[in-house]
Amino acid sequence: MTRFLARRLLNYLVLLVLASFLTFGLASLSFHPLDSLLQRNPRPPQSSIQAKSDELGLDKPIPIRYTHWLSNAVRGDFGTTVAGQPVADQLWGRIGVSLRLVFIGSVIGAVLGVVIGAWSAIRQYRLSDRVITVLCLLVLSTPTFVIANLLILGALRVNSVFGVHVFEYIGESSSTLGGDAWSQFVDRLQHLVLPTLTLALGAIAGYSRYQRNAMLDVLGQDFIRTARAKGLTRRRALFKHGLRTALIPMTTLFAYGVSGLVTGAVFTEKIFGWHGMGEWVVQGIATQDINIVAAVTVFTGATVLLGGLLSDIIYAALDPRVRVQ
Amino acid sequence: MSEPVTTTSSATAKSGVDVANFASRRTLVWRRFLSNRPAVVALAILALLFIGCYTLPPLLPYNYTDLDYLALQQPPTLKHWFGTNALGQDLLAQTLRGMQKSMLIGLCVALVSTVIAATVGAIAGYFGGWRDRALMWLVDLLLVVPSFILIAIVTPSLGQAARVFWLIVLFSIFGWMISSRMVRGLTMSLREREFVTAARYMGVSNTKIIVRHIVPNVASILIIDTVLNVGLAIIGETGLSFLGFGVQPPDVSLGTLIADGTKSATTFPWVFMFPAGMLVTIVLCANLIGDGLRDALDPDSRPPRRGKKK
């Protein structure tokens, strides 16, 4: 078990390094980071442009630039932005913002998705199953940025009905944040609901669709009938033998799901004005900033790999065959 | 997927059964698809939208760039069916133009990425060994970096001229990984089947075996996947344009229209609702058709109804 996980971890680390090289290389080929300096009016002196070019090592070949970046990044120095601030200054705060979104979104998405999917499989072709199936298809056909805006429109309606701001949809906390710990907590919660819901809705719909199929496959198997025949209650047979087996194929899906949520977070952060990694990468691409983009890629890659590792652990816990090998 | 596709039916002819009365596999699939009402309706709507977005614009009094200064930010009227935006542009003309772009990109990306997925998956699954390891490792690598960010990184260096073409290329390059894994899994089980072994012992080359025996037998998965990928590709393209990295103004895509609409969605809802509604309709139709095709091509995947035995 430990060796299995250690091998996976090593594999993931190599993939992470290669992935960061791929983005760094692509960004270096595609971006012209000096443009934002050259287009300033008045134009900065040639010496400062030269200094920026030297700092980014623009005259050196890309592999050398990458190794330089990597050796600094390992020590926690992710270079500076085009505007001149160190990337590391904003990095940790933004990671916190994004991780909160992605973590809560993926946990809610996975748990509710599995519950709803399993429930609708048990109630196959009843009204509740049909309603859930249609709703899931509708949510899956709606892009994140449309869901977010529809939720905002709905929240406005609710706010005007109650006459107070029940839901907040700009930023992650009010700018006039003060008062005791409780009111701060409530304020953050009000801001958290809509973005999290945006991310979670898509995840719930995706997981429940697959969980329903996996569960239906399992329910038709002989061992469920055996379990019922030897005298287990329907509930015990379904949960102990049905759900556990149906969860195994879902764990692989979980790894992909995290990557989908990270992409979804780009839109969610942009629309709700959260200053997280997703908003940053949009800003980084718009200002042609290699260092920001590389730092965000390492973060997204690490998040996806963490999700992958987590799904490996759950897989090993659910499926005894992995532990024997 | 349950039975291998056979091109000749001489065996049944010899057994004395009247072949003419047998429904061919294609007829059966078509009949099963037609019995799925939501999928048929979705197909009709999608076909109508596709034809409409190409034939309607020349008939409209307004081009998608024309400005009507007498109608700024107006709700839907008889003159402007979808209303106008802050500049006085006709939203119907703009939405149709955006649909042209988005549907074209979605369709092309789905086709190209399915071809890549079939090639990679069949090679990895059929040959196994180092080819399999290398290709699946590449898949893992591409799945680690959110492909969406990679595409967004490359877009600033694209020219204005062939932008749509390059968007199709980029989305195809980063959109085949998960399908190729499915094809690989199916190919690995097909490789052990008798008809493949027989072909190999008869000296048929590997390329020919893949083209003639493997690919036709994973065809149903490929067809379903192509249709479902259309929806994904459209969501990807509109998302990229929404962030400002896809289709660039003055040209429009559903994504740029929705991005413009969100700024005033609370006060002038029609600027947001019409493009967003069209986008959701298109993707929903593509998904419904995909599901209908899955049920028609692969009846085993659909569990038996309650009360009926397998």
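Taking packing as the residue-averaged number of other Cβ atoms within 10 angstrom, the listed peptides A:162-172, B:94-104 run from highest to lowest as B:94-104, A:162-172. Reported value for the stretch A:152-230: 170 Å³ per residue, from the convex hull of its C-alpha atoms. Only helices enter this figure: runs of n ≥ 4 DSSP H residues, each worth -39500 (n - 2.57), summed and divided by the residues of chain A, yield -26000 deg cm²/dmol at 222 nm to the nearest 500. Placing unit charges on each Cβ (+1 for Lys and Arg, -1 for Asp and Glu) gives the protein assembly as shown a dipole about its Cα centre, and among A:ALA155, B:PRO156, B:MET182 the Cα reaching farthest toward its positive end belongs to B:MET182. Across chain B, the mean sequence separation of Cα contacts (distance under 8 Å, 6 or more residues apart), normalised by length, yields a relative contact order of 25 percent.
Counting, for every residue in B:151-163, the Cβ atoms of other protein chains within 10 Å of its Cβ and taking the mean gives 4. With Cα atoms defining each centre, the stretch B:192-269 and the stretch B:137-161 are spaced 15 Å apart in the structure.
Which one, A:LEU140, A:LEU15, A:LEU37, has the greatest fluctuation when you compute a Gaussian network model over chain A with C-alpha springs under 10 angstrom? It is A:LEU37.
The mean count of C-beta atoms from other chains within 10 Å of the C-beta of residues in A:122-131, rounded to a whole number, is 1. Taking label positions 7 Å along the Cα-Cβ direction at both A:GLU55 and A:ARG228, the computed distance is 7.0 nm, reported to one decimal. The 3J(HN,Hα) values that the Karplus relation (6.51, -1.76, 1.60; θ = phi - 60°) gives for the stretch A:58-68 are, in residue order, 5, 7, 8, x, 4, x, 5, 4, 5, 5, 4 Hz. Gly and Pro appear as x.
Here the 3J(HN,Hα) profile of the stretch A:156-172, calculated from phi with Karplus coefficients 6.51, -1.76 and 1.60 at θ = phi - 60°, is 4, 4, 4, 4, 6, 5, 7, x, 10, 7, 6, 10, 10, 9, 10, x, 9 Hz, Gly and Pro shown as x. Across peptide A:86-93, the average count of Cβ atoms from other chains found within 10 Å of a residue's Cβ is 0. Of the DSSP H helices in chain B, those that are both long (alpha-carbon extent of 24 Å or more along the helix axis) and hydrophobic (Kyte-Doolittle mean at least 1.0) are B:37-55, B:91-127, B:219-243, B:269-297.
In loop segments of the stretch A:120-201 as defined by DSSP, the trypsin sites (Lys or Arg not before Pro) with at most 14 further C-beta atoms inside 10 Å of their C-beta are A:ARG123, A:ARG126. Angle between the Cα long axis of helix A:290-318 and the longest principal axis of chain A, 0 to 90 degrees, nearest 10? Taking the Cα atoms of chain A, the angle to A:290-318 is about 20 degrees. As an exercise, identify the trypsin sites (Lys or Arg not before Pro) in the stretch B:192-254 lying in DSSP coil whose Cβ has no more than 16 other Cβ atoms within 10 Å. The qualifying sites are B:ARG193. From most to least packed by mean Cβ count within 10 Å, the peptides A:191-204, A:304-317 give A:191-204, A:304-317.
What residue among A:VAL134, A:VAL298, A:VAL258 shows peak mean-square fluctuation when chain A is described by a Gaussian network model with Cα springs under 10 Å? Greatest mean-square fluctuation among the candidates belongs to A:VAL134. Under 5 Å from the amide H of A:THR80 lie the amide H atoms of A:VAL87, each residue being 5 or more positions distant or on a separate chain, with H modelled from the backbone and absent for Pro and chain starts.
FYI, it's all coordinate maths here, none of it is from the lab. Because the structure is a prediction, the values reported are computed rather than measured. Cβ atoms come from the backbone with ideal geometry, glycine included; neighbour counts cover every protein chain shown.
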